[in-house]
Amino acid sequence: MIDHMTFGVTDYARSTAFYDQAFAPLGVKRLFEVPLEHSGGVKVCGYGDDRPWFWLAEERATTGMLHIALQAKKRAEVDAFYAAALRAGGEDNGAPGLRPHYHADYYGAFVLDPDGHNIEAVCHAPPK
């Protein structure tokens with residue numbers, strides 16, 4: 001099981017502003033900023049729910065394909081993530097909806113973050 005991940009971004013302020021807004025509907029928030037004296041002067045922060053597990057660093061921006069999916073408890077959270085991410089400057093990469101080619105209850109939404117990475121919120125629960 002994956003414990004945490006870090007990826008590089010080109011513009012720390014732009015990326016943190018995006019993730020602060022996009023992750024809020026999923027209960028994920030910025031929990032920690034690494035002091036610059038502990039990071040060699042690199043801006044680094046961690047997002048999570050009860051502990052940081054999603055880290056950003058303004059160093060060696062990650063290039064190539066990157067797809068990250070965060071699990072939502074309810075379909076309404078997927079919808080809220082998508083709307084918040086678009087308001088935060090994300091680019092549509094797949095509106096909220098069922099993706100039955102994955103499985104019958106796969107409900108996801110996809111946005112491209114400021115660096116073009118594919119960020120998804122997905123709910124696997126049937127509608128209530």
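Of all residues in region 36-77, those that are over 15 Å from ASP11 (Cα atoms), assigned to a loop (DSSP other than H, G, I, E, B) and among the basic types (Lys, Arg) total 3.
If you go through region 78-128 and pick out every residue that is of a type in the set (D, E, K, R), open to solvent by less than 50 Å² (accessible area, probe 1.4 Å) and not in a loop (DSSP other than H, G, I, E, B), you end up with 1. Considering region 8-28, the residues that are within 16 Å of ASN118 (Cα to Cα) and among the aliphatic types (A, V, I, L, M) include one that is nearest to the chain's Cα centre (by Cα), namely ALA22. Any residue that is within 18 Å of HIS4 (Cα to Cα) and either aromatic (Phe, Trp, Tyr) or in contact (Cβ under 8 Å) with a residue 12 or more places away in the chain (or both) - is there at least one of those in region 106-118? Looking for residues that are within 18 Å of HIS4 (Cα to Cα) and either aromatic (Phe, Trp, Tyr) or in contact (Cβ under 8 Å) with a residue 12 or more places away in the chain (or both), one finds at least one in region 106-118, hence yes.
Among the conditions (1) more than 22 Å from THR10 (Cα to Cα); (2) charged (D, E, K, R); (3) in contact with a Lys or Arg (Cβ under 9 Å, 6 or more places away or on another chain), ARG99 misses just one, which is (3).
Here is the figure for region 1-43: residues that are out of contact with any Pro (no Cβ under 9 Å at 6 or more places or on another chain), crowded, with 17+ Cβ neighbours inside 10 Å and of a type in the set (A, V, I, L, M) total 3.
I'm checking my understanding of the structure. Among residues of region 44-77 that are touching a strand residue (DSSP E or B) at 6+ places or on another chain (Cβ under 7 Å) and among the hydroxyl-bearing types (Ser, Thr, Tyr), which one is most open to solvent (accessible area, probe 1.4 Å)? That would be THR62.
The values are calculated or read from the model by the stated rules, or taken from the named source; none is laboratory data. For clarity, every value in this text was computed on a predicted model and none was experimentally measured. Cβ: placed from backbone, ideal geometry, glycine included. Neighbour counts: every protein chain shown. Protein only, heavy atoms only, side chains kept; ligands, DNA and RNA dropped before computing areas. Shrake-Rupley method; radii C 1.70, N 1.55, O 1.52, S 1.80 Å.
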